[in-house]
Amino acid sequence: RGLAGFDDLELEIVDCDRSDVVFDDLKNVTVFNFFGDPREGASVLYKALRQIRYYARLMFYVTTTRSDIFHIQWVNRFQLLDRLLLVPLYRVLGKALVFTAHNVDANERDGRPGRMNTWSLRFMYSKMAAIIAHADDSARLLTEVFGVSPERISVIRMGINNKLQPVGLPKSVARAALKLGADDRVLLAFGNVQPY
């Protein structure tokens, strides 16, 4: 949404259909839903076809788009495919690549380290024109473990998540729904609270 504030900039977003409504009011943003319906409980066949269709649509898009810069927010489920095949393809097609390293090495963080994972991350990071990290520790990890030169790293602290729309729920009703008393202390955590 911040980039959409520049009227002379055209933005194309490739994402799943859950993002469509977030950008509805922005005239210079086009959202492409190559993934389709991400519904839970779908059959294995449906999920496989959905992945094949996603990559086919993505391949058509990357070979026909006029976009000069690809800002990659996440790699997909098939991480090695994205890191080792898609990223070089983008480069061959002349795209400048920017990557937001939300988690510099999520597998290591989650206790699933591996040489292939580390090597593929090192390879992917080496192909980026710029990498965005959310903390100084992440920037240090990119440099020390993955060999990224500090000049290619920008630390941009986590911004405000403005995807959620206000629901207008009165405080007393919310407290009752959560079985909280009127004087109970409440801690509000911004972000995604997970075990790591």
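A few points about this structure:
- Mean ellipticity per residue at 222 nm, deg cm²/dmol - from DSSP H runs of n ≥ 4 across the chain, formula -39500 (n - 2.57): -9000 deg cm²/dmol
- Estimated vicinal HN-Hα couplings, Hz - segment 131-140 in sequence order (Karplus 6.51, -1.76, 1.60; Gly, Pro = x): 10, 9, 10, 9, 8, 4, 4, 5, 5, 4
- Accessible surface, 1.4 Å probe, highest first, among residues MET59, MET116: MET116, MET59
- Cα centre as origin, Lys/Arg/Asp/Glu Cβ charges: segment 41-196 dipole, Debye: 600
- Projected label distance in nm at THR118 and SER67, using a 7 Å step from Cα toward the beta-carbon: 3.2
- Sequence-distant lysines (8 or more away, or on other chains) whose Cα lies within less than 30 Å of LYS27: LYS95, LYS163
- Area accessible to solvent at VAL173, 1.4 Å probe radius, in Å²: 70
- Peptides 49-55, 36-42 ranked from most to least packed by the mean count of surrounding Cβ atoms within 10 Å: 49-55, 36-42.
- Heavy-atom accessible surface of segment 29-151, averaged per residue, reaches 58 Å², computed with a 1.4 Å probe.
- Compared with the direct C-alpha span, the chain from ARG185 to ASP24 gains 54.2 nm at full extension, assuming 0.36 nm per residue.
- Solvent-accessible surface (1.4 angstrom probe) belonging to ILE69, in square angstrom, nearest 10: 110
- Largest to smallest in accessible area, the residues GLU108, GLU144, GLU12 fall in the order GLU144, GLU108, GLU12 (1.4 Å probe, all protein chains included).
- Whole-Å distance, taken between Cα centres, linking segment 4-81 and segment 110-163: 22
- Surface share of carbon and sulfur [accessible, 1.4 angstrom probe, percent] for the chain: 58
- Maximal additional length on extending the TYR90-ASP110 stretch stands at 4.3 nm, based on 0.36 nm per residue less the C-alpha distance.
The values are calculated or read from the model by the stated rules, or taken from the named source; none is laboratory data. This is a predicted model, so every value here is computed, not measured. Because the Cβ atoms are built from the backbone with ideal geometry, glycine has one as well, and the counts that use them run over all protein chains shown. For the accessible areas, the whole protein counts, side chains as well, though only heavy atoms, and no ligand, DNA or RNA atoms are used. Shrake-Rupley method; radii C 1.70, N 1.55, O 1.52, S 1.80 Å.
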